[in-house]
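First comes the structure, then the notes that go with it.
The values are calculated or read from the model by the stated rules, or taken from the named source; none is laboratory data. Values in this document were obtained by computation on a predicted structure and should not be read as measured data. Here Cβ is always computed from backbone atoms with ideal geometry, including for glycine, and neighbour counts include all displayed protein chains. Quick note on the areas: whole protein, heavy atoms, side chains included, nothing else; ligands and nucleic acids left out. Shrake-Rupley method; radii C 1.70, N 1.55, O 1.52, S 1.80 Å.
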Amino acid sequence: MLAPEKSVALPGFFGEVRRRKVYRVAAAYVIAAGGIIQLASAAFPAWELPNWTLRVLIVCLLMGFPVALMLAWAFDITPDGIRVTPDGISKSHARRNMIVLVAAGLILSAGAGFFLLPWVAAHKIDRSIAVLPFQNLSDDKENAYFADGVQDDLLTNLSKIGDLKVISRTSVMPYRDMQSSAREIGKALGVATILEGSVRRIGSRVRVNVQLINVANDQHIWAEDYDRELTDVFAIQSDLAQKIAGELRAKLSPTEKAQIEQKPTENTEAYLAFVEGHDLLTRPDRLRVDTERAERLFQKATKLDPNFSKAFAGLAWVHDWMYHTFDPTLGRKAKAHAAAEEALRLEPDLPEAHLALGFYHYYCERNYQRALEEFAIAKKSMPNSADVYLAIGAIQRRQGKWAESTANMERAASLSPRDAFLLINLADNYRAVGDFENADRVFDRAIEVAPNSVSARTGKAMLAADLKGDLSEIDRQLMHIPPGSAADSEGTLGRAHLLTLQRKFQDAMALLKKLPDDVGSDEKPKEYLEGALYSFVNDKEQAQSAFRRARSILEKAIQEGSDDAMHHVMLALVLAGLGEKEAAIAEGKLAVALLPENQDALDGPKMTLALAQIYTWTGENDSALELLERSLTTPAGVTVSSLKLNPVWDPLRADARFQALIDVAQNPEMKLSMNCK
């Protein structure tokens, strides 16, 4: 009985569909819906509506199709108005036909959605771009910095557009001389488009040619040529930034538009000095020689144009970094603050000035809250700045917020994937929290993008030595540093330390003797290292002489107003080496008080570990072992391999409790059998 009923019902169904004009309504609905979708796909991006709004519209139209079929079935439009369509079949067949109609409408809508929704996802524009180094076509090769300046300012303008993802200058500069396809570059940098260009400067005329390329198919999206007076170069950059934003359908707020249209300076020579200084300041190792040269260039720019606010911000940033690394004096601190304030006086809303002032509060004052407030202001206007995310992450790790810090540094790395300085900082984060596998991976990334970076290679070597006890990695990494280079000179102190771990004391001493007398590091004076090495080979007379020279240097720095914890702790170690026990311990405790772990989770543990070394060198084994026990479980603290390898702990090796510490650290299920207190 079922089969005959079905055969009767279906012919009745199709007949009813024709009689009720459902075909006509369905065709009209499909045509109208298709037109609406086509119109919306073009209009919504122009109206700066998010991509999800188009998806919502399509879903609504798909859901409306079965409803339209039901209404067409139930009602008819007549000269007398809308009327209920009379049934032409039995009620049981009518209900069955209605169910078939609804089911057919749902199936057709689902099928259409299967093809339309992925099309919408593919239609979404990836608003990401990398501005490659512009080729210098000028006969005068010294104009290379001018080409860099054009690229740099364009990139800076684009980075201020919040709706774009813009890769930092540091990460695109390695592609200056690389012969890679657009697709390869896009994949490496994680962008959908790249901009490449050339600059030719002849006298007072400048010609700029640019091409925007889709990395997916290596096809040109558009190209532009400018032939203008040199004084119009900033107008060219502003126009390019706005055209690129338009091509990528990026939302450009009035504030962002105003920032893009603002000229940084009218003085071309000042701008070139600024660009060169910025290039030096952002190199992978931030070497002292580069930093000092950058200072001179920023000073030159501010003298050539006393209203050049970005140059004052750059100068403030240089002073901040000098104070943080090798010159923590009151004079340097005052210069940093004055330059940042001048930049803000000239341009109160300048994001680079707020970034520099944030670094002042971070590096010079250790006022993390004020620094974060300034970084937040900078971030609003520079949403694509890797420097901002790195700065925020750097403070968060000092606050002990390691997960948040790493997330911000990873965000920075996504914006600047070929920035070795950034990657080294990220690797240090992973290392501090015990994620050694990721730390090693990120060090490898840093080495890949900056093969001659001392910081990257010594970082990987130290990771292998301190965490795995692998001393062979030291030689493998250091053989890649070019002898005689500025980086080699700066990294020699690190080499000496690594050789010390290998207990090649004479080799380490020979390295130190090759260095000029004024060479030092941001953490350890050369004379301290000499004293320690002489102590390890039991040359007490030479050790005392070196320690006395180190003492003079450190005491002078402290007397000149540097209340830096590192200076105090180094003085404490020197005093311990000289046998002045009480003074050494007092100075070490002062350093810990100046920089306790609860105020700085990155450098605080270093102060604690240095105090443990002071106790070790002065025969206070109980106190030393207590601090080492705590340090083994503290992020950024001592590692088991370091305890095994570093000769500074040799005076403790005869103490059974020292070996017990190592055994427990290697086997957490064990309990400490001896009281280390």
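Taken over segment 558-677, the convex hull of the Cα atoms encloses 100 Å³ per residue. Spin-label model, Gln369 to Ala104: label points 7 Å out along the Cα-to-beta-carbon direction sit 7.1 nm apart.
Between Lys504 and Gln135, residue separation times 0.36 nm minus the direct Cα-Cα distance comes to 128.1 nm. Put simply, when 400-413, 524-537, 211-224 are sorted by average Cβ atoms within 10 angstrom per residue, most first, you get 524-537, 400-413, 211-224.
Assign one of three labels to segment 141-203, namely rounded, prolate or oblate, based on the Cα gyration tensor with a ≥ b ≥ c the square roots of its eigenvalues; rounded applies when a/c is under 1.5, prolate when it is not and a/b is larger than b/c, and oblate otherwise. Oblate, because a/c is 1.5 or more while a/b does not exceed b/c. Surface composition of segment 241-287: carbon and sulfur atoms hold 47% of the protein heavy-atom accessible area at a 1.4 Å probe.
Distance between the modelled labels on Glu269 and Ala583, one decimal in nanometres: 5.3 nm (7 Å Cα→Cβ projection). The Cα atoms of segment 135-256 define a convex hull whose projected area, averaged across directions, is 7.5 nm².
The distance from the alpha carbon centre of segment 291-357 to that of segment 388-424 is 23 Å, rounded to a whole number. Under Stokes-Einstein, with the Kirkwood radius over Cα pairs as Rh, the value for segment 434-473 at 25 °C and 0.890 mPa s is 244 µm²/s.
Is segment 365-413 rounded, prolate or oblate when judged by the Cα gyration tensor, a ≥ b ≥ c being the square roots of its eigenvalues, rounded requiring a/c under 1.5 and prolate requiring a/b larger than b/c? Oblate.
The alpha carbons of segment 342-447 occupy a box of 46, 26, 19 Å along the principal axes, longest dimension given first. Per residue, segment 298-442 exposes 35 Å² of accessible surface when a 1.4 Å probe is rolled over the protein heavy atoms with every protein chain present. First check a/c for segment 261-381, with a ≥ b ≥ c the square roots of the eigenvalues of its C-alpha gyration tensor; if it is under 1.5, answer rounded, and if not, answer prolate when a/b is larger than b/c or oblate otherwise. Oblate is the answer for segment 261-381, as a/c is 1.5 or above yet b/c matches or exceeds a/b. For segment 491-601, the per residue solvent-accessible surface stands at 47 Å², with DNA, RNA and ligands left out and a 1.4 Å probe. The phi-based Karplus calculation (6.51 cos²θ - 1.76 cosθ + 1.60; θ = phi - 60°) puts the 3J(HN,Hα) values of segment 397-403 at 6, 5, 7, x, 8, 5, 5 Hz, whole numbers, x for Gly and Pro. Amide H to amide H, with H built 1.01 Å from N, Ile221 comes under 5 Å of Leu212, Ile213, Asn214, counting only residues 5 or more places away or on other chains.
P(r) tail for segment 394-462: Cα pairs beyond 20 Å make up 21% of the total.
Legend: calculated FRET efficiency, Asn538 to Arg183, from the Cβ-Cβ distance at R0 = 60 Å, rounded to 0.05, equals 0.45. Within segment 186-207, name every residue whose backbone N is under 17 Å away from a label modeled 7 Å from Cα of Ala223 along the Cβ vector. In segment 186-207, the label zone of Ala223 (backbone N under 17 Å from the point 7 Å along Cα→Cβ) covers 194-200, 207. For segment 190-293, trypsin sites (Lys or Arg not before Pro) meeting the loop criterion (DSSP other than H, G, I, E, B) and having at most 12 other Cβ atoms within 10 Å: none.
Pair-distance distribution of segment 171-219: all C-alpha pairs, bin width 10 Å, starting at 0; shares per bin in whole percent are 23, 47, 22, 8.
Taking amide H atoms as placed 1.01 Å from N in the peptide plane, the amide H of Ser416 lies under 5 Å from those of Ser168, each 5 or more residues away in sequence or on another chain. Whole-Hz Karplus values for segment 572-583 come out as 4, 5, 5, 4, 5, x, 7, x, 8, 4, 4, 5 Hz, taken residue by residue from phi with 6.51 cos²θ - 1.76 cosθ + 1.60 and θ = phi - 60°; glycine and proline positions read x. A Stokes-Einstein calculation at 37 °C with viscosity 0.692 mPa s, built on the Kirkwood radius of segment 130-170 over Cα pairs, returns a diffusion coefficient of 300 µm²/s. Derived scalar couplings between HN and Hα for segment 404-411 equal 5, 4, 5, 4, 5, 5, 5, 4 Hz in order, rounded to whole Hz, by the Karplus curve 6.51 cos²θ - 1.76 cosθ + 1.60 (θ = phi - 60°), x for Gly and Pro.
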